[in-house]
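The values are calculated or read from the model by the stated rules, or taken from the named source; none is laboratory data. The structure presented is a predicted model; accordingly, all values stated were derived computationally and were not measured. Methodologically, a virtual Cβ is constructed for each residue, glycine included, from the backbone with ideal geometry; neighbour enumeration extends over all protein chains shown.
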Amino acid sequence: MSETKNISVRIYFVYIAVFVFSLALVYKIFSIQMTVNPDNNAYISSISEVEIAASRGNIFADDKEKSALAISVPIYEIRMDLVSVKSELFKSKVDSLALRLSQVFKDKSEGQYRRELNDAKRNKRRYHLLQKKVSYNEMVEIINAPILRKGQFRGGRIVLKQNKREKPFGMLAERTVGYINAEGNGVGLEAAYQERLKGAQGLQYMKNVGGGNKIPLTDDYLVKPENGKDIYTTIDVNLQDVAEKALMEQLVSQNAQHGCAVLMEVKTGHIKAIANISKDRKGNYREIYNHAIGTSSEPGSTFKLASVMVALEDGKVDINDLVDTRDGTVKYYDRVMRDAHEGGDGVIPVWKAFALSSNVGISNIINDNYKKKQSNFLRGIKRLGLGDITGVEIKGEGKPYVKTTADSTWSGISIPWMSIGYETRFTPLQILTFYNAVANNGVMVKPQFVKEIRDGSRVVYKSKVEVLNRSICSNKTIKDARFLLEKVVSEGTASNLKNLDFKIAGKTGTTQVGYGKSDSEASSRVRHQASFCGYFPADNPKYSCIVVVAAPTKSIYGNVVSGTVFKEIAEKVYATDIEMARTNDQLEKLNMPASKGGNLDDLTLIFKALNVPVKNNNGDSKWIATSAKKDKVDFNKKAESELPNTIGMGLKDAVFLLENKGFAVRVNGKGVVKTQTQLEGNKKVIVLNLG
């Protein structure tokens, strides 16, 4: 064979080898990327782009710690592709892997894990489950375990991340925080801010390993998921807890059907607490529905404020005019209206008729002035901002209803019955928004649940006060309305709320629900709704609040049923809000708070935090005595000597000062140091008597 022919044979051989190798490579690529569809035996792609869910944003409360109301906690599923693990590696390390799995998860013995792993290797399983619901710390330990530390391709490691939604405070504000279900529908803030919270999905190549299971082809993303934004709410967890507990206690005591309580900042409209509790079919109380936002009902006597304000604004009446409450009854056509107080109060001023919540008195005022010009009364109600939704961000706000003369059920009794809160429908939040406007000198602001939205530490949205109505009426009418609401508490139906350290203004409401056209029909179907709506402190309002309890069984009156809850919430706010306490007129009449003497730096820090003015007469002394005056606290120098004078100090500072001077200390009693003496026979021992 010639040399040329020999070279040609070699070239052909190499060509054929390369061709066969190429075919094998193409087949391997095809087999990796394609799999057989069991339904029709056709080839389908085994590699696809799969959407990867982003980590959902968190929802935080409005407190110093920014407590989390809802957070996304990563949980992991650990699986293993036993086919990709070489037999030599598996045999040498399977015992160590089984031991580590047993140590971390503590659910099976080392032997159980070893048998399962050997069985999975023998059956060439590519998607063998090691553990579900794995925490982040557990995941970190497991991916560094024998075999698995080799990674996805050599160690067969498959880590699937999921996000679990958790509520660290459990049921607290449950319906307001809300949820999103598997279909993407939901309620509360979770639904209202879905687009912000959910983030943007990513994309990753996944390989079909059979049985509908897919594993990541690589650890890299085609498109990296973008985490959702964090929502910072207006809700204070401490006040929320108080509102829920107070409401729950009253519902259980009254065996009531449901109830709600809402606390709002007057100037901003920020909702600080919102409780909604209902009795379920099993008789248990829990958050089922957001009644404060979604349930429209006849408000009853809390609506009398709007009626009287319309008449005041139109110049039809003055708060000192006289009105006849008769014997506590009045008949409009075929219907008899009654006061809660039998026998009536005769002729009394308008302000007293309001304070006593006289149905007869208020209805007489409105009926006498508007029965011939009914549309004027209806327009007046609209001017006050009642009749429009608040537009609150949480979905499901109930529509307000104010009957008009065009309504098919309009009759001669509509005006008098509307004047006392019937034949109208509002949600508790809508009534609160109206009362809040009265507290806010006529400025109606939109209720808000969110203060900020952040992307990490970057603020991407900051809420502003949203004004719904710059002036619901004249300043004089606002002044008169606030006077009327204060009289309800000082001399009227809510006098049980006046014995507080601060003044409350508000109105009671007791609504008869489902009443019939005749007295006999009404009495057979009677159910009641008790409410109280108001604000505090009355002289300089900072918070407004409404409490509504439906179908109480022991008492039906708003001052007892709902006023009790209102009072408990108000007292808690007062006890924790230093700024409100400092601006209270009653408190300002008192001297500044007394304190123990002690360390200058410590006392300076404390009084600064309390916003208490101080005058330092001390000079450079480290230890001081304090003296409370009417408008300030004086810091006076503590005379220093070999034996320090600790009288007036707290025990901690007194002991520290004496021991630093080399004295031993004996203590009798509790409180501040009243006397100090040297022990007879041992002048280095100081006896402190506290009281």
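Just a yes or no: is a residue in the stretch 70-82 under 30 Å from GLN448 (Cα atoms), assigned to a loop (DSSP other than H, G, I, E, B) and either in contact (Cβ under 8 Å) with a residue 40 or more places away in the chain or over 32 Å from the mean Cα position of the chain (by Cα) (or both)?
no
Going by what's in this entry, would ILE348 be described as surrounded by 14 or more Cβ atoms within 10 Å (Cβ to Cβ), part of a strand (DSSP E or B) and either modelled with pLDDT of 95 or more or in contact with a Phe, Trp or Tyr (Cβ under 9 Å, 6 or more places away or on another chain) (or both)?
yes
Among the residues of the stretch 251-267, write down those that are out of contact with any strand residue (DSSP E or B) (no Cβ under 6 Å at 6 or more places or on another chain) and under 22 Å from ARG527 (Cβ atoms).
VAL252, SER253, GLN254, ASN255
For (1) assigned to a loop (DSSP other than H, G, I, E, B); (2) surrounded by 20 or more Cβ atoms within 10 Å (Cβ to Cβ); (3) touching a strand residue (DSSP E or B) at 6+ places or on another chain (Cβ under 9 Å), each residue gets a yes or a no:
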| position | (1), (2), (3) |
| --- | --- |
| ASP388 | yes, no, yes |
| VAL392 | yes, yes, yes |
| ALA406 | yes, no, no |
| SER411 | yes, no, no |
| THR433 | no, yes, yes |
| ALA437 | no, yes, yes |
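Being more than 18 Å from VAL489 (Cα to Cα) and either surrounded by fewer than 18 Cβ atoms within 10 Å (Cβ to Cβ) or more than 43 Å from the chain's Cα centre (by Cα) (or both) is the requirement here; does ASP339 meet it?
Taking the combined requirement at face value, the residue does not satisfy it.
For (1) in a strand (DSSP E or B); (2) modelled with pLDDT under 95; (3) surrounded by fewer than 14 Cβ atoms within 10 Å (Cβ to Cβ), each residue gets a yes or a no:
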| site | (1), (2), (3) |
| --- | --- |
| ARG482 | no, no, no |
| ASN499 | no, yes, yes |
| LYS507 | yes, no, no |
| GLN512 | yes, yes, no |
| SER523 | no, yes, yes |
| HIS528 | yes, yes, no |
| TYR535 | yes, no, no |
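Quick one: would you say LYS132 is modelled with pLDDT under 90, under 18 Å from MET80 (Cα atoms) and surrounded by 12 or more Cβ atoms within 10 Å (Cβ to Cβ)?
So LYS132 does not fit the description; no.
For residues that are within 14 Å of ALA54 (Cβ to Cβ) and touching a residue at least 24 places away in the same chain (Cβ under 8 Å), tally how many sit in the stretch 183-200.
5
Can you list the helices (runs of 4 or more DSSP H) lying wholly within the stretch 103-207 that have 3 or more residues being touching a strand residue (DSSP E or B) at 6+ places or on another chain (Cβ under 7 Å) and either of a type in the set (S, T, N, Q) or not assigned by TED's automatic domain parsing to the domain that holds TYR285 (or both)?
So the answer is 136-143, 174-177, 188-192, 194-198.
Return the only residue of VAL360, VAL310, VAL330 being in contact (Cβ under 8 Å) with a residue 12 or more places away in the chain, within 22 Å of ALA494 (Cβ to Cβ) and of a type in the set (A, V, I, L, M, F, W, C).
VAL360
Only one of (1) buried (at least 19 other Cβ atoms within 10 Å of the Cβ); (2) assigned to a helix (DSSP H, G or I); (3) out of contact with any Lys or Arg (no Cβ under 9 Å at 6 or more places or on another chain) fails for LEU305. Which number is that?
With (1) buried (at least 19 other Cβ atoms within 10 Å of the Cβ); (2) assigned to a helix (DSSP H, G or I); (3) out of contact with any Lys or Arg (no Cβ under 9 Å at 6 or more places or on another chain) applied to LEU305, the lone miss is (3).
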